[in-house]
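Chemist: Sharing a structure, written as structure tokens. Questions coming.
The values are calculated or read from the model by the stated rules, or taken from the named source; none is laboratory data. In this text the structure is predicted, and so the values were computed from the model without any measurement. Here the Cβ positions follow ideal geometry from the backbone for every residue, glycine too, while neighbour counts run over all protein chains shown.
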Amino acid sequence: MTQLHDLLDTASRAGSPADAQPAHDIATDIRLGRRALLRRRLAAAGGGVAAATLAAGAIVGGSALFNGPAEKAAPAGAGVSVSSVDSATTAVLVDADVAAGPFHFAKVPQGWVSGASSEFAGNLVPAAGGVSQSAQDFAGKITALPSTQDMPEGINTKGGAGVVSVTRSVDGPGDVVSLTVQVPKSVGLTNAQLTELAQSVTLTSAVSAAAG
Amino acid sequence: MRSSSRDEEFTAFVTQARPGLLRSARLLTTGDVARAEDLVQQVLVRLYVRWPNVARADDPVRYAHRALVNGFIDDSRRVHRQREWSTDDPARSEVIAEGDEPGDPIRRQQVLTALASLPPGQRAVVVLRHWLDWSVDQTAHALGISTGAVKSQNHKALSALRDALPELSPVLTTEGTSS
């Protein structure tokens, strides 16, 4: 150990007894890390719109409800992947009682079932499979994402990598004030169906918003 | 990697590494407690996201210090810093730094003031070379600069420290020959 090292040792110590023993909360580091990881995975999944809802201060360029063009896509229930976004069958939205973690869907596209979900994201997956089993990988899935940010309501068709999203206001749980449902365009839901799907989602108290 | 496994490994790592990271951060931020804590938290969040890479690293603590120093330099380039505020969580796991008792306050302030006179890059070199005892090669690799640049910055930093701390000159002169 050198003398300069000794000086730096002294300088690196706390300036006061109060600073010397700060109560550090590792749970906060983990929570912030999870949020950052979720944002990164959203971006990697091509969920540009959903990722934007998670960024503080982000503004989604959502158009008014029913404004966008109707989407044509693959048969509902088929294995969906990011690369299969442009087929041509309109989906059927059916009444359901599907719990995706703490998210409840009263309507789902025919052939879609509950997938691995978390307190941050409720996922529906094609019954035929073909998507990741990770709750935080949203590629090819229908995903409900709560936010503490007051997001503009409406449908956004300009998300990246073949996804469309619809955002609506919600009143909790906790600080959650917005809910965005991200749907692969390949599912083939019309704007009216997208809105109906989003309106059918209810949140239990276990839901947490990933927005910072 | 399952999140519970990641969380357990990360918690063990933070418990071990955070006190040292915080002390390095205090040197880099020349005693700005709030900025040092912010810097460490930002680095820990980045490490959590990249945890598979961190866990595979030969020396995760060295990996963390490298991220800390580069985070400090990036942060220093920003005109406006943004603070990330902590949130309450009922499940708290507290870490109390050990061996972190306050030292000689006058000497501490003298050294911090002297460090504050250095540009961020030189300060980073001093911390890596003389606080963490990294080699020139290791310091160059961490900062993404040449070994010649490390030696040059180290020389300039020690000269400036000599000017700022004339009473410590013999100590620093000895250090200057080690670069």
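Chemist: Among the residues of the range B:1-36, which ones are facing chain A (nearest Cβ under 8 Å) and either crowded, with 21+ Cβ neighbours inside 10 Å or in contact (Cβ under 8 Å) with a residue 40 or more places away in the chain (or both)?
Modeler: B:Phe10, B:Thr11, B:Val14, B:Thr15, B:Arg18, B:Arg23, B:Ser24, B:Arg26, B:Leu27, B:Gly31
Chemist: Step by step: first the residues of the range A:7-20, then only those that are modelled with pLDDT under 85 and either within 15 Å of B:Leu128 (Cα to Cα) or assigned to a helix (DSSP H, G or I) (or both), then the one that is farthest from the other protein chains (Cβ to nearest Cβ). Which residue is that?
Modeler: A:Ala18
Chemist: Check A:Val176 against each of (1) part of a loop (DSSP other than H, G, I, E, B); (2) modelled with pLDDT of 85 or more; (3) among the aliphatic types (A, V, I, L, M); (4) surrounded by fewer than 24 Cβ atoms within 10 Å (Cβ to Cβ) and name the one condition it does not meet.
Modeler: (2)
Chemist: Additional query: Evaluate the following for A:Val181: is it modelled with pLDDT of 85 or more, crowded, with 24+ Cβ neighbours inside 10 Å and β-branched (Val, Ile, Thr)?
Modeler: Answer is yes for this residue.
Chemist: Right, something else. Filter the range A:186-212 for residues that are more than 24 Å from A:Arg34 (Cβ to Cβ) and crowded, with 19+ Cβ neighbours inside 10 Å and give the result.
Modeler: Listed by number, the residues that qualify are A:Ser186, A:Val187, A:Gly188, A:Leu189, A:Asn191, A:Gln193, A:Leu194, A:Thr195, A:Leu197, A:Ala198.
Chemist: With the requirement that a residue be without any contact (Cβ under 8 Å) to a residue 12 or more places away in the chain and β-branched (Val, Ile, Thr), what does the range B:46-65 give you?
Modeler: Once the filter is applied, which keeps residues that are without any contact (Cβ under 8 Å) to a residue 12 or more places away in the chain and β-branched (Val, Ile, Thr), the range B:46-65 yields only B:Val49.
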